[in-house]
Amino acid sequence: MSSNDTQPADVNHPEGAQIKREERLAAPNLPADDPANSYAAAIKDAAIAALLAGVLGFFFLAIRTDIAPGGLEVTTRWALWIISMIVVFGGRLAISLFFRGGKAKGAGNKVVSAVAVPGLGTWLGRILFAFAVILPFFFVYFFPGRDRQFIDLAILIMTYIMLGWGLNIVVGLAGLLDLGYVAFYAVGAYSFALLATHFDFIGFWIALPLAGILAAFWGMILGFPVLRLRGDYLAIVTLAFGEIIRVVLLNWYEFTGGPDGVSGIPKPTLFGLEFTRGEGGFADFFGLEYDSIQRFIFLYYIIFILAIATNLITMRLRKMPIGRAWEALREDEIACRSLGINTTNTKLTAFSTGAMFGGLAGSFFATRQGFISPESFTFLESAIILAIVVLGGLGSQIGVVIASIVMIGGIELLRNLDFLQAIFGSNFDPTQYRMLIFGLAMVLIMVWKPRGLISSRNPSAIYKEKKAIGADMVAQGEGH
């Protein structure tokens, strides 16, 4: 018998945090770097980054082409190009000096550790919940001229919060990397749209649970082919499933309307009262003056209640045996099987539960828009939802809320940054750089907080003492 056979399994095949620990123990004790050399290296690194940004952005920022009556008109924007290089230089220098190794550094090269506030997540969640309850009336009172725009933005953010919580079950709790989550979103939307337009007696409240059930059914259909897959292979199959659904919706013209989509989707009612002008409407029944903002407030509270129900059900499931089975599957599938857990049922329940919430959100999206088409369910939507889950912190409910507000609200906020034209010129349109700023923000967050905005969470099961779980102890959606 060889000597390797007598060694423990974790020595022969170290994984995860054990590899990092062994690398730290094996690393030689090097002397501390000279501060002058560190600053010089940081400045050199920042200068190289600025130079690369200048070269890559020369044809995008420094030169602008427009179609003119006499041909192609070329204009130069040297100020914008130089400012972009300065911004990259300053940002890279700040990262090198203050966030090297993922930890902030203060004077004297001393690491400044983050201060943990006990119960911060609980109180933050309560404050956000209380503010969300009064949010429509807050906008109506303080922003009477733009209340409709802000409430509509709040509805959009709440929709992505619900989608993020649904995907968090699959990725954050069960550890199954799903790149085709938008497929269930589309199934829910088309289920409600087709049922409501072909059957007059089916309204929003009847079609809502049906859309969730159909989406859960398709989640189980996706789960069967990927039972033996993990990691990158699982991601590729889920991506293909999302594209298959979109292509079917696009080409099955007789059933889905193809690229023309489905229009005339009915709006939700409050116990049969429609939010319309005239006799028999909501305002007439309660003796109120008709205002179109009433329908937006009603839509906001519908998605708010759906999102809160998603959160409560998810938190309850996490404390039940099925939730603990999801987390065991995420940490190690082989160990999960050794405990006698049926991994087949565990994966199927994770896919179907997450898909159900995606279908409910899709049904609301259809009734909110009044029109849907396959263009609303592209891979970019799946990428945005997955980015919300990862940036917020895998397994963190409050992290999904914060990430949704920052990402969705931040992107829409760029439409109103007209003051940037005073800096970059009157021809500067901030909406054209939304995805560029969106990508840079994700890179910065991943550099600053590689485990997400909320990098710790309370355990689902408590033994003797309640301790928060660090994100470095949680598998990162690798499906094993």
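The table that follows gives values for the structure above.
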{"read-out": "Pairwise FRET efficiency - D232 versus V55, Cβ, R0 = 30 Å, nearest 0.05", "value": "0.40"}
{"read-out": "Equivalent ellipsoid semi-axes - Cα gyration tensor, the range 120-473, angstrom", "value": "33, 26, 22"}
{"read-out": "Nonlocal amide H pairs with Y181, under 5 Å, H built at 1.01 Å", "value": "none"}
{"read-out": "Residues L339 and M315, FRET efficiency given R0 of 22 Å [Cβ-Cβ distance, rounded to 0.05]", "value": "0.45"}
{"read-out": "Per-selection metrics, the range 194-347 (Cα): Rg and Dmax in Å", "value": "21.4, 66"}
{"read-out": "Label-point separation, A283 to I86 (7 Å along Cα→Cβ), nm", "value": "5.1"}
{"read-out": "Approximate spin-label separation N251-L440, in nm, with each point projected 7 Å along Cα-to-Cβ", "value": "4.1"}
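No value in this document is a laboratory result; all are computed from the given coordinates. Predicted, not measured: the structure shown is a model, and the values here were computed from it. Every residue, glycine among them, receives a Cβ derived from its backbone with ideal geometry; neighbour counts consider all protein chains shown.
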